[in-house]
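The values are calculated or read from the model by the stated rules, or taken from the named source; none is laboratory data. Predicted, not measured: the structure shown is a model, and the values here were computed from it. Backbone-built Cβ (ideal geometry, glycine too); neighbour counts: all protein chains shown.
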Amino acid sequence: MLNRLETQSPDALLALIKLHAEDDRADKIDLGVGVYRTGQGDTPVFAAIKAAEQRLVDNQDSKSYLGPEGDMGFVNALMPYIFGEDATMGGRIAGMQTPGGTGAVRLAAALGQKAGLERLYMGTPSWPNHAQIFGDIALEFIGFEHANADGSANIDGVLEAIRSAPANSGILLHGCCHNPTGVDYTAEHWDAIGDAIAETGIFPIIDTAYQGLGNGLEEDAAGLRSVLAKVPEAFIAYSCDKNFGMYRDRVGAFYILADDKAVLEKAFSNANALARASWSMPPDHGGAAVRVILRDSALTQMWLDELETMRERMRQVRERLAEAGQVGGIDLAPLGKQNGLFSMIPMTKEQVVELREKHGIYMAASGRLNIAGLTMANIDKFIDAVADVTG
Ligand code: LMR
């Protein structure tokens, strides 16, 4: 039976981790998978997480099951950061813990499909796993160009997609720090998107995996909040893997917005049933550590400071790249206006391979680079190498 299967190629992004590890050049640079790195090139555990984990070791009195919704203390503690002061929007939001943001996206797609969602519109390029998730559950998706050639967001493309969508369509939006382009919508864009969604009734799914890594925690939530204020229903997929540095612990949450209490309860019960059938219950440890931080003002401040350090470091790297301007055949200036861990530069697949083989610089074949892989010590090497392979 198993011989009927077709061999799948390994996930291209994850394969880069291995390729980079096998390269023994001392000055190699990893700009592949999206993890934050310090100016020394490390991805340390946040000090706030270490302190919270110590408290868990000292105080956790049971590891008994919690249920498909996971740690509701964690889910609720995050809500003011995502949704603002009125964290439930007047009782209109309910959430649950998921295995990473990926679990939340998967749950959003599956629950939408169960409720009659037939297709999803999505700006492309997007995180490659979005298409894999939707493909896996046979949910049709229709792409539109997310960004313009000058590095700005293609607002006409998204509005046209929303207005042309037939009934039973949804739209997947990135809340902030667009992966892979780094191109975010402006406040005016979000306003227009929210209005168009409200007019047409297309179902919004907002994936927020990088809150706090762009312009600030509040700033990065502004677009999402402006859409939610205008629409009757939405799903929100959230990840703490990046903004708490919990990558391998898989810390995510899924939230449902509905304008009717009975509908919200019904949708939540279906999300619970899908979670039970998919992973039964989410892993606890990471969510518990985040809950400990968010319930303690000193640990919260420690976390906020660490997040700010990350954000400022990435801003410095972006400024340095933007200053370099035209490098060989590539204009790096737009990277200064973009947000978060990623940006894309228009390199061919062959140039990406040459960058890797000749210079030991590892990037996704799409031309996406992890900004945090650059440091003041290796950025000139990167700029020179880009000039070399594209000049
Ligand atoms: C990325 O895009 O590099 C990250 O979101 C990690 C992943 O799971 O792909």
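Observations on the model:
- Tally, over region 16-69, of residues that are surrounded by 12 or more Cβ atoms within 10 Å (Cβ to Cβ) and either in contact with a Leu (Cβ under 7 Å, 6 or more places away or on another chain) or not in a helix (DSSP H, G or I) (or both): 25
- Boolean, Arg248 is under 19 Å from the mean Cα position of the chain (by Cα), surrounded by fewer than 16 Cβ atoms within 10 Å (Cβ to Cβ) and more than 30 Å from Ala198 (Cα to Cα): yes
- Among the residues of region 227-276, those identified as among the aliphatic types (A, V, I, L, M) and part of a helix (DSSP H, G or I) are Val227, Leu228, Ala262, Val263, Leu264, Ala267, Ala271, Ala273, Leu274, Ala275.
- For region 82-111, the tally of residues that are within 16 Å of the ligand (Cβ to nearest atom) and at positive phi stands at 1.
- Of all the numbered requirements in (1) more than 30 Å from Gly100 (Cβ to Cβ); (2) at pLDDT below 95, Gly151 misses one, and that requirement is (1).
- Of all residues in region 337-355, those that are touching a residue at least 24 places away in the same chain (Cβ under 8 Å) and either within 12 Å of the ligand (Cβ to nearest atom) or of a type in the set (A, V, I, L, M) (or both) total 7.
- Some residue of region 320-332 being within 27 Å of Phe244 (Cβ to Cβ) and away from the ligand (no atom under 16 Å from the Cβ): yes
- Residues in region 112-148 that are in a strand (DSSP E or B), away from the ligand (no atom under 16 Å from the Cβ) and either under 21 Å from Ser278 (Cα atoms) or among the hydrophobic types (A, V, I, L, M, F, W, C) (or both): Leu120, Glu140, Phe141, Ile142, Phe144, Ala147.
- Selection count where residues are over 27 Å from Thr309 (Cβ atoms) and either in a helix (DSSP H, G or I) or within 11 Å of the chain's Cα centre (by Cα) (or both), scope region 191-217: 10
- Scanning region 356-391 for residues that are within 16 Å of the ligand (Cβ to nearest atom), assigned to a helix (DSSP H, G or I) and out of contact with any strand residue (DSSP E or B) (no Cβ under 6 Å at 6 or more places or on another chain) turns up Ile371, Ala372.
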